[in-house]
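For reference, the structure discussed in these notes is given below.
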Ligand code: ARG
C-alpha cells in the first residue's frame, strides 16, 4: 500500500508556475459571418453578449493566476479579432507580424502590428503568409511551426532568420485542426532540461511530423478525439496551471495525473468561430 502511495507521489512532480504576460481582445464584435474553417456556420445564430461573458471569465482566470493581461481594442467588422493568438509571434522584444491567409482577416495583421509598435516591440513585417501563435509555439528553446492550412512553410524560414532559434516544421492534415494550437498544447517550457513538454492529437499530423513529435517529446500527453473535438488542446499553461475547455474531461484527468492543475473554462460561443482558450491568448515576451 505504502509503496503505491509513494510512487504515485514521485510520479507527479510539483509544478512551478511562471507569471505570464498576454494580449487579449474583448469579443465586442464577435459573430460568425463567413466560413474559413469547418467549425464556422454563418447560417447559425451567435450571441455576442454571451461570447463577451465567457471571454471575461477567461480574463478573470488569468488575472487570478497573477498574469499581466494587456488589451487591444476590438475593431468593428473584424469578428475574429478576439483570437489574438493569430495577431503575431513575440520573443525577446521582437514581434513578427501576421499575414492572414483569408482576406476577411487581412486587416487584423496591421492592427496588431500597430499595437506592438505602440507597446514596446520592434516589429518585423511578414513576407510569407502566417497566422502568428496560432501556428507557432515556443516550447523550451525551440519553436514548433505548423503548416498545411494557414501559415506557409516560408514563414518558418522567416522565423529562423528573425529569432535564431531551432524551428521544427510540422504539417497539419485534418481541416478541423487547421492551426497548430488546435492540435498541440504546450504544457511546460522548462522540464527535461529546457526541452519542455506538450500534449497533442496524433491524427492531426502527417506521418513525418508524428515521428518527429514522438522523438522530441517521448513523454507527451496523447489526447483523444472527444477532447480534441471540444478544442481541449487549445489551452494555455503557466507550467503548473493549465487553462482548458471544461468539457475536455479526459485531458483534465491526464493533466492531474502528471501534477498539473487544470482550470476549466466554457468558451462554447467562441468555439462557433473555431477557437478556444489559446486562440484568445497571445503571449507577450518582451
Ligand atoms: N475563425 C478563426 C479563423 O478561422 C479562428 C481562429 C482560431 N485561432 C487559433 N489560434 N486557432 O481564422
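The values are calculated or read from the model by the stated rules, or taken from the named source; none is laboratory data. These numbers come from a predicted model, not from an experiment. Neighbour counts are summed over all protein chains in view; Cβ atoms, including those assigned to glycine, are modelled from backbone coordinates with ideal geometry.
Of all residues in the range 243-261, those satisfying the criterion of being in contact (Cβ under 8 Å) with a residue 40 or more places away in the chain and part of a loop (DSSP other than H, G, I, E, B) are 258, 259, 260. Residues of the range 265-286 being in a helix (DSSP H, G or I) and crowded, with 24+ Cβ neighbours inside 10 Å, which ones? Answer for the range 265-286, where residues must be in a helix (DSSP H, G or I) and crowded, with 24+ Cβ neighbours inside 10 Å: 270, 278, 279, 280.
From the list 176, 155, 151, which one is within 12 Å of the ligand (Cβ to nearest atom), outside any loop (DSSP other than H, G, I, E, B) and either surrounded by fewer than 17 Cβ atoms within 10 Å (Cβ to Cβ) or at pLDDT 95 or above (or both)? Before you say what the answer is, go through the steps one by one.
Working: 155 fails: within 12 Å of the ligand (Cβ to nearest atom); 151 fails: outside any loop (DSSP other than H, G, I, E, B).
Exactly one residue qualifies, and that residue is 176.
As a summary of the residue check, residue 191 satisfies the conditions (1) closer than 30 Å to residue 256 by Cβ; (2) surrounded by fewer than 18 Cβ atoms within 10 Å (Cβ to Cβ); (3) at pLDDT 95 or above; (4) in contact with a strand residue (DSSP E or B) (Cβ under 6 Å, 6 or more places away or on another chain) except for the one numbered (3).
Of all the criteria given as (1) within 16 Å of the ligand (Cβ to nearest atom); (2) at positive phi; (3) touching a helix residue (DSSP H, G or I) at 6+ places or on another chain (Cβ under 9 Å), the one not satisfied by residue 92 is (1).
In the range 22-35, the residues that are in a strand (DSSP E or B) never reach a residue that is crowded, with 19+ Cβ neighbours inside 10 Å and at pLDDT below 95 with C-beta atoms less than 8 angstrom apart, at least six apart or across chains. For the range 136-148, the set of residues classified as farther than 20 Å from residue 279 by Cα and within 11 Å of the ligand (Cβ to nearest atom) is empty. Per this entry, residue 29 is not counted among residues that are within 14 Å of the ligand (Cβ to nearest atom), farther than 30 Å from residue 127 by Cα and at pLDDT 95 or above. Summed over the range 228-264, residues that are within 16 Å of the ligand (Cβ to nearest atom), surrounded by 20 or more Cβ atoms within 10 Å (Cβ to Cβ) and over 23 Å from residue 195 (Cα atoms) total 5. Evaluation of residue 193 against the conditions (1) assigned to a helix (DSSP H, G or I); (2) under 20 Å from residue 229 (Cβ atoms) shows that the sole unmet condition is (2). For the range 37-72, the set of residues classified as touching a strand residue (DSSP E or B) at 6+ places or on another chain (Cβ under 7 Å) and touching a residue at least 40 places away in the same chain (Cβ under 8 Å) consists of 57, 58, 61, 62, 65, 67, 68, 69, 70, 71, 72, listed by residue number. Check whether at least one residue in the range 79-89 is out of contact with any helix residue (DSSP H, G or I) (no Cβ under 8 Å at 6 or more places or on another chain) and within 14 Å of the ligand (Cβ to nearest atom), and report yes or no. Yes.
Residue under question is residue 231, and the condition is that it be on the phi > 0 side of the Ramachandran plot and either touching a strand residue (DSSP E or B) at 6+ places or on another chain (Cβ under 8 Å) or without any contact (Cβ under 8 Å) to a residue 12 or more places away in the chain (or both); does it hold?
Working: on the phi > 0 side of the Ramachandran plot: yes; either touching a strand residue (DSSP E or B) at 6+ places or on another chain (Cβ under 8 Å) or without any contact (Cβ under 8 Å) to a residue 12 or more places away in the chain (or both): yes.
The answer is yes for residue 231.
Cβ-Cβ contacts under 7 Å between residues 6 or more apart (or on different chains), taken from a first residue in the range 262-286 that is within 11 Å of residue 39 (Cα to Cα) to a second residue that is outside any loop (DSSP other than H, G, I, E, B) and near the ligand (Cβ under 9 Å from one of its atoms), are listed as 270/82; 270/280; 273/80.
Assess whether residue 133 counts as being closer than 28 Å to residue 241 by Cβ and either assigned to a helix (DSSP H, G or I) or within 16 Å of the ligand (Cβ to nearest atom) (or both). Give the derivation first.
Working: closer than 28 Å to residue 241 by Cβ: yes; either assigned to a helix (DSSP H, G or I) or within 16 Å of the ligand (Cβ to nearest atom) (or both): yes.
Yes; evaluated as a whole, the condition is true for this residue.
Got a sec? Which of 69, 52 is surrounded by 14 or more Cβ atoms within 10 Å (Cβ to Cβ) and under 14 Å from residue 268 (Cα atoms)?
On the way: 69 fails: under 14 Å from residue 268 (Cα atoms).
So the residue among 69, 52 that is surrounded by 14 or more Cβ atoms within 10 Å (Cβ to Cβ) and under 14 Å from residue 268 (Cα atoms) is 52.
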